[in-house]
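Worksheet: the structure to be examined is printed underneath.
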Amino acid sequence: PAQPLCGFSNAVVQILRLHGVEDYRAHDVLQDPDLRQGIKNYSNWPTIPQVYLNGEFVGGCDILLQMHQNGDLVEELKKLGIRSALLDAEKDKEKK
């Protein structure tokens, strides 16, 4: 997460940061072709990065971006007990 190695991974990290999500794990699958292919096989999803919430596969960067844009990510985070930082940012805007 400190230095994503591709634009799609960077986009996922930025989305998570916008929502204030800090407790997550990331793995550099570029260094291990077997791991990279294995995760694609496991999820039956052709691209990386892959996002899992509470161990459940959500999708790739495009899906996470769509969830962010339509508000679904806020709801999914709430199910995990995570309050999106965007909700607080909206309240701050309303106060001004």
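Please calculate how many Å² of accessible area the stretch 12-73 carries per residue, with a 1.4 Å probe and no DNA, RNA or ligand atoms counted.
With the other protein chains kept in place, the stretch 12-73 gives 68 Å² per residue.
In nm, give the distance between the simple-model label positions of L86 and C6, each being 7 Å from the Cα along the Cα-to-Cβ direction.
About 2.4 nm, to one decimal.
State which helices in the chain qualify, where a helix is a whole DSSP H run, it must extend 24 Å or more along its own axis by its Cα atoms, and its mean Kyte-Doolittle hydropathy must be at least -0.5.
Span-like helices, by this rule, are absent here.
Across 5 Å bins from the origin, how do the percents of Cα pairs in the stretch 7-95 run, short distances first?
Binned Cα distances yield the sequence 3, 13, 23, 25, 16, 10, 6, 2, 1, 1, 0.
Quick one: length gained pulling Y42 to H27 fully straight, 0.36 nm per residue minus the C-alpha distance?
That works out to 3.9 nm of additional length.
With +1 on each Lys and Arg Cβ and -1 on each Asp and Glu Cβ, how big is the dipole of the chain about its Cα centre, in debye rounded to the nearest 20? Before the final figure, lay out each step's value.
Working: 11 positive and 14 negative charges, 47 e Å.
Charge dipole, the chain, about its Cα centre: 220 debye, nearest 20.
Got the relative contact order for the chain handy, in percent, Cα pairs under 8 Å and 6 or more residues apart?
That works out to 28 percent.
The values are calculated or read from the model by the stated rules, or taken from the named source; none is laboratory data. Just so it is clear, the model here is predicted, and its values are computed rather than measured. Reconstructed Cβ throughout: ideal geometry from the backbone, glycine too, with neighbour counts over all protein chains shown. These area figures cover heavy atoms from the full protein model, side chains too; ligands, DNA and RNA do not enter into them. Shrake-Rupley method; radii C 1.70, N 1.55, O 1.52, S 1.80 Å.
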